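Below is one structure, written out as structure tokens; comments come after it.
The values are calculated or read from the model by the stated rules, or taken from the named source; none is laboratory data. Note that the structure is predicted; figures quoted are calculated from it, not measured. As a convention, Cβ positions derive from the backbone with ideal geometry for all residues, glycine included, and neighbour counts pool all protein chains shown. Surface areas here come from the heavy atoms of the whole protein model, side chains and all, with no ligands, DNA or RNA. Shrake-Rupley method; radii C 1.70, N 1.55, O 1.52, S 1.80 Å.
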Amino acid sequence: MTKRVGLLTSGGDCGGLNAVIRAVTLRAASAYGWEVLGIRNGLMGLLRQPPDTESLNPAKLDAALMRLGGTVLGTTNKGDPFAFPMPDGSLRDRSQEIIDACHAIRLDALIGIGGDGSFAILRRLAQQSGLPLVGIPKTIDNDVRDTEASVGYDTAVAVATEALDRLQPTAASHDRVMVLEVMGRDAGHIAIAAGIAGGADIVLIPEIPYRIAAVAAHIDRLRRGGRNFALVVVAESVRDPAGGLVLRQHPGGQKSYGGIGAALADAIGRLTGAETRVTVLGHLQRGGQPTAGDRVIASAFGVYAVDLVAAGRFDRMVAWQNRRVVDVPLGASIATPACVDPDGALVRTARGLGICLGDA
Ligand code: F6P
């Protein structure tokens, strides 16, 4: 029987999303003869009248699409349909409108590409409506439980590593301490991986509390050893030296992490007398050409997700474990974010290389 599978990208964009869209569409068409209906701007597309959708034509999704950053379907990380912000400031439950839209466009199943926040919402909608759901994990933060990799993480690490490659010569030319603030929300995965790959001297992650005196002492040691510069990577959710979270308030009322790099650089400057500069990588980590690694994982996830739909296996999330694509319960994978293991391989590697994590 011909099926119509809905496909949406939800939450923050990242490298590799278009490769997932391509893989889902190609697999659905070539292996099963199904149609894939792309839903624009995540669930927002289903709140439009008529629903904002586009039948994805496999003949038009050539490899060029894989090379593009962002998502051709659009996405949003705002507007929980169960508590949707209305123009008058009130919150309204609009979940039934979305469910009605899914029926109106005659979806047989939905594949959602998202992170833990999006999955929690999609799962609740699926339970309420009975719509069969499969999840594909994407997030530069790499904090989705039960998968070793999420689409977008590899690209973000590559961007942060390149930033360190570029900061090192200018740091050395000017005798400076360069602080690089990277994203990652409540997890330090990007910081620790890029710190290792980019040859950082100090890496601060939220999972390992630091003492600013230990950071300053490490910089002093480097200088006594003849080094005229230092590279510091700090994850955005690391607390400031006084223990406070550093948040930015946006005009719309939203809050996001941002600013720890400057707070840290000031403290380092005061304690060591070093000249410091700060680079906040921000959304550069989400854009640009996806790495080969992200394209491969995205393609593997997309193919497998369609096969899950064909097998009638729902409420599952595609995952990468031990070099294999597997599937895990969607509910378990989103229960709590997966943070950096303070005793794990990357932390041990960093310590083994003499990188200061601020705790000793
Ligand atoms: O979750 C992905 C992410 O890029 C986080 O690393 C970051 O904290 C957040 O999204 C930024 O969100 P926004 O795009 O709303 O600024």
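Residue-wise test of (1) in a strand (DSSP E or B); (2) open to solvent by 10 Å² or more (accessible area, probe 1.4 Å); (3) outside the structural domain of Asp52 (by TED's automatic domain parsing); (4) touching an Asp or Glu at 6+ places or on another chain (Cβ under 7 Å).
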site: Ile111; (1), (2), (3), (4): yes, no, no, no
site: Val134; (1), (2), (3), (4): yes, no, no, no
site: Thr170; (1), (2), (3), (4): no, yes, yes, no
site: Ala194; (1), (2), (3), (4): no, no, yes, no
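Please work out which residue is farthest from Phe119 (Cα to Cα), limiting yourself to region 281-335 and to residues that are within 16 Å of the ligand (Cβ to nearest atom) and loosely packed, with under 15 Cβ neighbours inside 10 Å.
Within region 281-335, the first condition is being within 16 Å of the ligand (Cβ to nearest atom), and the residues that meet it are 281-288, 290, 294, 333-334.
Going one step further and asking which of them are loosely packed, with under 15 Cβ neighbours inside 10 Å, we end up with 282-283.
Values: Gly282: 24, His283: 22 Å.
Once the filter is applied, the top-ranked residue is Gly282.
So, Arg106, is that one surrounded by fewer than 17 Cβ atoms within 10 Å (Cβ to Cβ), more than 16 Å from the ligand (Cβ to nearest atom), in contact (Cβ under 8 Å) with a residue 60 or more places away in the chain and within 23 Å of the chain's Cα centre (by Cα) or not? Step through it out loud before you land on a result.
Working: surrounded by fewer than 17 Cβ atoms within 10 Å (Cβ to Cβ): yes; more than 16 Å from the ligand (Cβ to nearest atom): yes; in contact (Cβ under 8 Å) with a residue 60 or more places away in the chain: yes; within 23 Å of the chain's Cα centre (by Cα): no.
When the stated conditions are applied, Arg106 does not pass them.
If you check every pair at least six apart or on different chains, which have Cβ atoms under 8 Å apart with a residue in region 68-88 that is of a type in the set (Asp, Glu) first and a residue that is in a helix (DSSP H, G or I) second?
Taking only residues 6 or more apart or on different chains, the pairs are Asp80/Ile121.
Kindly evaluate Ala63 against the criterion of being surrounded by 11 or more Cβ atoms within 10 Å (Cβ to Cβ) and farther than 17 Å from Ile113 by Cβ. I'd like the intermediate steps shown before the answer.
On the way: surrounded by 11 or more Cβ atoms within 10 Å (Cβ to Cβ): no; farther than 17 Å from Ile113 by Cβ: yes.
Against the criterion (surrounded by 11 or more Cβ atoms within 10 Å (Cβ to Cβ) and farther than 17 Å from Ile113 by Cβ), Ala63 does not qualify.
Name the pairs whose Cβ atoms lie under 8 Å apart, with the first residue in region 197-226 and assigned by TED's automatic domain parsing to the domain that holds Ala267 and closer than 15 Å to Leu353 by Cα, the second among the aromatic types (Phe, Trp, Tyr) and open to solvent by less than 10 Å² (accessible area, probe 1.4 Å), and 6 or more positions between them or separate chains?
Listed by first residue and then by second, the contacts come to nothing, as the list is empty.
Out of all the residues in region 253-280, which are at pLDDT below 95 and either touching a Cys at 6+ places or on another chain (Cβ under 8 Å) or open to solvent by 80 Å² or more (accessible area, probe 1.4 Å) (or both)?
Scanning region 253-280 gives Gln254, Lys255.
Kindly list, by first and then second residue, each pair from a residue in region 15-41 that is hydroxyl-bearing (Ser, Thr, Tyr) to a residue that is surrounded by fewer than 20 Cβ atoms within 10 Å (Cβ to Cβ), limited to pairs with Cβ atoms under 6 Å and residues at least 6 apart or on different chains.
Thr25/Pro58; Tyr32/Ala310
Of the residues that make up region 8-31, is at least one part of a strand (DSSP E or B) and within 25 Å of the chain's Cα centre (by Cα)?
yes
Inspect all residues belonging to region 145-154 and state whether any of them is part of a loop (DSSP other than H, G, I, E, B), surrounded by 18 or more Cβ atoms within 10 Å (Cβ to Cβ) and charged (D, E, K, R). Full working, then the answer.
Of all residues in region 145-154, those part of a loop (DSSP other than H, G, I, E, B) come to 145-150, 152.
From what is left, the residues that are surrounded by 18 or more Cβ atoms within 10 Å (Cβ to Cβ) are 146-147, 149-150, 152.
Okay, now just the ones that are also charged (D, E, K, R), so 146.
Yes, some residue in region 145-154 is part of a loop (DSSP other than H, G, I, E, B), surrounded by 18 or more Cβ atoms within 10 Å (Cβ to Cβ) and charged (D, E, K, R).
For region 261-280, enumerate the residues that are part of a helix (DSSP H, G or I) and within 16 Å of the ligand (Cβ to nearest atom). Let's see the steps before the verdict.
Here is the first cut: in region 261-280, the ones part of a helix (DSSP H, G or I) are 261-272.
Correct list: Gly261 only.
From the list Arg221, Arg227, Arg185, which residue is outside any strand (DSSP E or B), within 17 Å of Asp143 (Cβ to Cβ) and basic (Lys, Arg)? Reasoning before the result, please.
Numbers: Arg221 fails: within 17 Å of Asp143 (Cβ to Cβ); Arg227 fails: within 17 Å of Asp143 (Cβ to Cβ).
Matching residue, one of Arg221, Arg227, Arg185: Arg185.
Filter region 69-93 down to the residues that are more than 16 Å from the ligand (Cβ to nearest atom), outside any helix (DSSP H, G or I) and crowded, with 17+ Cβ neighbours inside 10 Å and list them by number. Working first, answer last.
At the first step, the residues of region 69-93 found to be more than 16 Å from the ligand (Cβ to nearest atom) are 72-73, 81-84, 86-93.
Applying the additional criterion that residues be outside any helix (DSSP H, G or I) yields 72-73, 84, 86-93.
Answer for region 69-93, where residues must be more than 16 Å from the ligand (Cβ to nearest atom), outside any helix (DSSP H, G or I) and crowded, with 17+ Cβ neighbours inside 10 Å: Leu73, Phe84.
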